[in-house]
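The values are calculated or read from the model by the stated rules, or taken from the named source; none is laboratory data. Since the structure is predicted, the reported quantities are computational estimates derived from the model, not experimental observations. When we count neighbours, we look across all protein chains shown, and the Cβ atoms used for this are built from the backbone with ideal geometry, even at glycine.
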Amino acid sequence: MSAPDNAANRIPPGARGFDDLRVGMVTGVGVPPASEVAGPSLLSAITQAPPVPDAVMAGVRWEQGPRAGAAGVRAEGVLTRWKPARKRGSGRLHQDVRLLDAGGQVVESAFVVWDVPAGTDVRDDESASRVAWDVGSVAWGRHLAAALADNEAFASAVQTFDGSVGIRAGEEQVEFRIYRGSVVEVAKKSLEGPTFTVGGSERAWIDLLSSTKNDFVNRTQNNHFRSTGNNFQYLRIFKAIMLMIDEAQLAAAKEVPSA
């Protein structure tokens, strides 16, 4: 699947540091064919085209795609996580990068972690422009819960549910404690743990939020998402899960990730 690419959410040419970037921003660059000497084209492209010039790679997980061995012609990257460091003047970014062939199929993919310099003492930012795309964070959960408080269909769907719904994106997870038709708490962890959890990769959530429709069911059937825990309860309030995704997509659509 291609990156959620358009002129509005590409990393701007003048971006120099952490402050200039947002989750959901994309990069795209043509790459030369791989050679036996150079190794995988994607890893070469990643090192040659970081999100900003002074970004330092802190980790990478590389995988071959379903079209392994095909000629890659374009590398596409999507920023999937924005995390302020606990020290002055730096932050950490997660990026999903994919090498595509001429038909848009994945040849190679990589999950990359970057340490990026910042011009200021960057702290947690709960502004809508950052939080709307930061799936799995507590700040994202709080903003979503605020929107759900005014959603009568959601209240009806969870009127008889007493438990916690976990939403996981990569390694980040937030829980929504629900009782008598409303979200009563949003936290990293609840006392008894989630009744069930809906999880996917950071990139899977970015792609879903970027979609013009709520095609969560189709994406789940294609193994981009899965539920763990009490499957009966998951199915019983499945309508509520779809309404949560609807609200998350609306919030993301209002906050196109431009600097």
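For this structure, a couple of remarks:
- Criterion applied to D150, D115, D121, D162 was being within 24 Å of A55 (Cα to Cα) and either at pLDDT 95 or above or surrounded by fewer than 16 Cβ atoms within 10 Å (Cβ to Cβ) (or both), and the one residue passing it is D121.
- Scanning the range 217-241 for residues that are in contact with a helix residue (DSSP H, G or I) (Cβ under 8 Å, 6 or more places away or on another chain), farther than 22 Å from V97 by Cα and surrounded by 15 or more Cβ atoms within 10 Å (Cβ to Cβ) yields a count of 5.
- The set of residues in the range 220-247 being of a type in the set (G, A, S), more than 15 Å from L144 (Cβ to Cβ) and in contact (Cβ under 8 Å) with a residue 60 or more places away in the chain consists of G229 alone.
- Complete set of residues in the range 187-237 that are among the hydroxyl-bearing types (S, T, Y) and at pLDDT 95 or above: T195, T197, S201, T220, S227, T228, Y234
- In this entry, T80 passes the filter for residues that are β-branched (V, I, T), crowded, with 19+ Cβ neighbours inside 10 Å and modelled with pLDDT of 90 or more.
- Scope the range 194-216; condition surrounded by fewer than 21 Cβ atoms within 10 Å (Cβ to Cβ), within 17 Å of W133 (Cα to Cα) and of a type in the set (S, T, N, Q); matching residues: S201, S211, T212, N214
- The range 110-129 residues that are more than 27 Å from L100 (Cβ to Cβ), paired with ones that are modelled with pLDDT of 75 or more and part of a strand (DSSP E or B) (beta carbon under 7 Å, 6 or more apart): P117/S90; A118/S90; A118/G91; V122/P84; V122/G91; R123/P84; D124/P84
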